[in-house]
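Quick notes on the structure that follows.
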Amino acid sequence: MENHRMSHEKGGNGRKKRRFARIPMRFVIPNLVTLLAICLGLTSIRLAAEGKFEMAAIFIVLAAVLDGLDGRLARALDGASRFGAELDSLADFVDFGVAPAFLLYFWSLHEIRSFGWFAALVFAIAAALRLARFNVMIDDPNKPAWQAQFFVGMPAPAGAIAAMLPIYLSYSALGLPEGRIFVTIEIIYVLGIAFLMARDRKSTRLNSS
C-alpha cells in the first residue's frame, strides 16, 4: 500500500513538472536575424557616441538589409508568428528611430542644442507612431483587401536612410558646408522626413513581385 502511494505521488509530481515545448527552427532563424539587427542598431548608437559616424551609418544600413531579410526568411520557412512581428517592430524602432536620431544629434544637431535635440526626438517619435499605426492596421479585421498593397507614410527604414543623406554627402567627394546655417537647414530636413513617416496617407504601393 505504501509503495503504491509513493509510486502514485511520484507519478503525480512527474505530471506537474513543466516541460518546455521545442520551438521549431523555422521560427527561431528569422527571429535571430531580427535580434542581430537590434544589435547593429545599438552598436550604431555606441559608435555615434564615440564619434565614429561613418561606421555608425553603415551599421544602420546593414540593419535595414537584415530587416528585409528576416521577413523573407519567415515567409520562405513558413515561420511567421505574432511574436516575430512584435519583435520586428521593436527592432525597427531601435534601428530606424532611435539609432538615426542619436547619430544625427551626435554628428551635427548638437550644435544647436535644444532645437537639435527637439528634431532628434521628433524623428524618433515619428518612427514610433508610424510603426504603431502600421501594426494596428494589420490587426484591423475590417481592413479592405486593397489596403494591404499600400504603405501608410514613409516606411521607417526608408526614413532612416533618407534622414542620414547629409552624412553620406559629407563623406562623399561633394562634401557639405559647415556652420549653424547648414545645421538649421539639416534640422528642417530631418523634421520633414519625420513628417513623411508620421503622415496618414496611402501613397506608396508595394511591389507585387
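The values are calculated or read from the model by the stated rules, or taken from the named source; none is laboratory data. The structure displayed is predicted, hence computed values, not measured ones. Backbone-built Cβ (ideal geometry, glycine too); neighbour counts: all protein chains shown. For accessibility, only protein heavy atoms count, side chains too; no ligands or nucleic acids. Shrake-Rupley method; radii C 1.70, N 1.55, O 1.52, S 1.80 Å.
Of everything in the stretch 128-185 that's among the aromatic types (Phe, Trp, Tyr) and closer than 19 Å to Glu86 by Cα, which residue is modelled with the lowest pLDDT?
Only one residue fits best here, namely Phe151.
Are any residues in the stretch 45-81 within 17 Å of Leu32 (Cβ to Cβ) and either over 14 Å from the mean Cα position of the chain (by Cα) or of a type in the set (Lys, Arg) (or both), and if so, which ones?
Arg72, Leu73, Ala74, Arg75, Ala76, Leu77, Asp78, Gly79, Ala80, Ser81
Condition check ((1) loosely packed, with under 15 Cβ neighbours inside 10 Å; (2) at pLDDT 85 or above; (3) part of a helix (DSSP H, G or I); (4) not hydrophobic (A, V, I, L, M, F, W, C)) across all residues:
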{"residue": "Ala37", "(1), (2), (3), (4)": "no, yes, yes, no"}
{"residue": "Leu40", "(1), (2), (3), (4)": "no, yes, yes, no"}
{"residue": "Gly51", "(1), (2), (3), (4)": "yes, yes, no, yes"}
{"residue": "Glu54", "(1), (2), (3), (4)": "yes, yes, yes, yes"}
{"residue": "Leu69", "(1), (2), (3), (4)": "no, yes, yes, no"}
{"residue": "Ala91", "(1), (2), (3), (4)": "no, yes, yes, no"}
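Applying the selection to the stretch 1-35, what residues are among the basic types (Lys, Arg) and either open to solvent by 100 Å² or more (accessible area, probe 1.4 Å) or at pLDDT 95 or above (or both)?
Arg5, Lys10, Arg15, Lys16, Lys17, Arg18, Arg19, Arg22
Residues in the stretch 109-117: is at least one farther than 24 Å from Leu196 by Cβ, free of Cβ contacts under 8 Å to residues at least 24 places away in the same chain, open to solvent by 10 Å² or more (accessible area, probe 1.4 Å) and out of contact with any Pro (no Cβ under 9 Å at 6 or more places or on another chain)?
Yes, because at least one residue in the stretch 109-117 is farther than 24 Å from Leu196 by Cβ, free of Cβ contacts under 8 Å to residues at least 24 places away in the same chain, open to solvent by 10 Å² or more (accessible area, probe 1.4 Å) and out of contact with any Pro (no Cβ under 9 Å at 6 or more places or on another chain).
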